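Have a look at the structure below, then the notes.
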Amino acid sequence: MLHIINQSPMSSSTLDTCLNVATGGDILLIEDAIYAATAGNAYEAKIKEAMSRFKVYALMPDIEARGLADRVLEGVSTVGYDGFVDLVVANSNCQSWL
Amino acid sequence: MSEEGIKKFMFVNRKAPYGTVYALESLEVVLITAAFDQDVSLAFLDDGVYQLKKGQQTKGIETKNFSPTYRALEGYDIEKLYVEKEAMEARGLTEDDLLVDVTVLTRAEMGALMDEQDVLLSF
Amino acid sequence: MPQIEVNGKSYETDEEGYLVNLADWNMDVANYIAKTENLNMTEQHWEVIDFLRKYYDEFQIAPAVRVLTKAIGKKLGPEKGNSQYLYELFPYGPGKQACKVAGLPKPTGCI
């Protein structure tokens, strides 16, 4: 399954819940959720831990827009809108967490 | 996918009622979806568990109390209601506090059930 | 907002003639709406109206036709819990038309 997250883990429990409940698969961080994929953020350890169970992606246009293109965590794959579409197509189902 | 043309729809509810409109919106979409003879289930995670709390009285906030409507779901042939055990416990609630019969699942069981779905809708 | 006038009192309705305030409902208003719908109200009609109002009171929604039919069958017997019986009473739909007379909102999922 593809899990899409769009909220910062510092202000919302959504990513936490996703990591707690989901069995594995792909996670795509978009909009404010990209902060989770940046080096030095308070959530870094949890994301790193999650990488053993999930493949973590982050949407580059959202990273660039927030001025963090040079700070993407190692192990996170950045994708563009085309990569976003590829992920949706590649997975049999998808959950856009709110 | 099970039978021809029938898909598994899961509505994932993670918000408390009244503070935002998500809970009510979810319920309305669920009722509409019931007309299409699909395999519908509802999951209550995090603050979504509060939607099912017994004894809601909304007169004081001048808002419609939609909690009785969860009890109508059975008549709409929607009988699969799942509650996340950890979320319920973290809020000091037990099954007796809920206004409908539910199946309580651990996070792991909930995650496995989500994997089986064709469509997941978040509210 | 549109209004209807019954016994010198006016009541708000929506564009389609459904009462806006549930508390406005009474037998006179119901009879007035029934007349505008060309319904000759019989005991059988009132039985359905009464059922709908009780359903709404319990669940806070107007039931979809399918649900109403099944629930009426359970409570009043299979000879009444079928769509032919209910459509004969309310030709424009036991959901839409009966709910209007019952002073309830249009059933959810009814477009």
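Every condition in (1) under 11 Å from the mean Cα position of the chain (by Cα); (2) surrounded by 13 or more Cβ atoms within 10 Å (Cβ to Cβ) holds for C:Asp50 except the one numbered (2). Within segment B:25-41, residues that are more than 10 Å from chain C (Cβ to nearest Cβ) and touching a residue at least 24 places away in the same chain (Cβ under 8 Å) reach partners that are β-branched (Val, Ile, Thr) and surrounded by 18 or more Cβ atoms within 10 Å (Cβ to Cβ) with beta carbons closer than 8 Å, at six or more positions or on different chains, in the pairs B:Val40/B:Val30; B:Val40/B:Thr33; B:Val40/B:Ile78; B:Ser41/B:Ile78. Using the structure shown, decide if B:Gln51 is part of a loop (DSSP other than H, G, I, E, B) and either in contact with a Ser or Thr (Cβ under 9 Å, 6 or more places away or on another chain) or within 14 Å of chain C (Cβ to nearest Cβ) (or both). Spelling it out, it is not the case that B:Gln51 is part of a loop (DSSP other than H, G, I, E, B) and either in contact with a Ser or Thr (Cβ under 9 Å, 6 or more places away or on another chain) or within 14 Å of chain C (Cβ to nearest Cβ) (or both).
Among B:Gln38, B:Gln117, B:Gln51, B:Gln57, which is the only one that is on the phi < 0 side of the Ramachandran plot and touching a Pro at 6+ places or on another chain (Cβ under 6 Å)? It would help to see each step written out before you state the result.
Working: B:Gln38 fails: touching a Pro at 6+ places or on another chain (Cβ under 6 Å); B:Gln117 fails: touching a Pro at 6+ places or on another chain (Cβ under 6 Å); B:Gln57 fails: touching a Pro at 6+ places or on another chain (Cβ under 6 Å).
Residue meeting the stated conditions: B:Gln51.
Applying the criterion of being in a helix (DSSP H, G or I) and over 24 Å from A:Cys18 (Cβ atoms) to the residues of segment B:14-48, the residue that is most open to solvent (accessible area, probe 1.4 Å) is B:Phe36. Scanning segment C:56-67 for residues that are open to solvent by less than 20 Å² (accessible area, probe 1.4 Å) and more than 11 Å from the chain's Cα centre (by Cα) turns up C:Ile61, C:Val67.
Every residue, every condition in (1) surrounded by 14 or more Cβ atoms within 10 Å (Cβ to Cβ); (2) part of a strand (DSSP E or B); (3) within 13 Å of another protein chain (Cβ to nearest Cβ); (4) among the aliphatic types (A, V, I, L, M), yes or no:
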residue: B:Gln56; (1), (2), (3), (4): yes, no, yes, no
residue: B:Thr63; (1), (2), (3), (4): no, no, yes, no
residue: B:Tyr70; (1), (2), (3), (4): yes, no, yes, no
residue: B:Tyr82; (1), (2), (3), (4): yes, yes, yes, no
residue: B:Leu93; (1), (2), (3), (4): yes, no, no, yes
residue: B:Asp96; (1), (2), (3), (4): no, no, no, no
residue: B:Gly111; (1), (2), (3), (4): yes, no, yes, no
residue: B:Gln117; (1), (2), (3), (4): yes, no, yes, no
residue: B:Leu120; (1), (2), (3), (4): yes, yes, yes, yes
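The values are calculated or read from the model by the stated rules, or taken from the named source; none is laboratory data. No experiment lies behind these values; they were computed from the predicted model shown. Reconstructed Cβ throughout: ideal geometry from the backbone, glycine too, with neighbour counts over all protein chains shown. The protein model used for the area step is the full one, side chains on, heavy atoms only, and it has no ligands, DNA or RNA in it. Shrake-Rupley method; radii C 1.70, N 1.55, O 1.52, S 1.80 Å.
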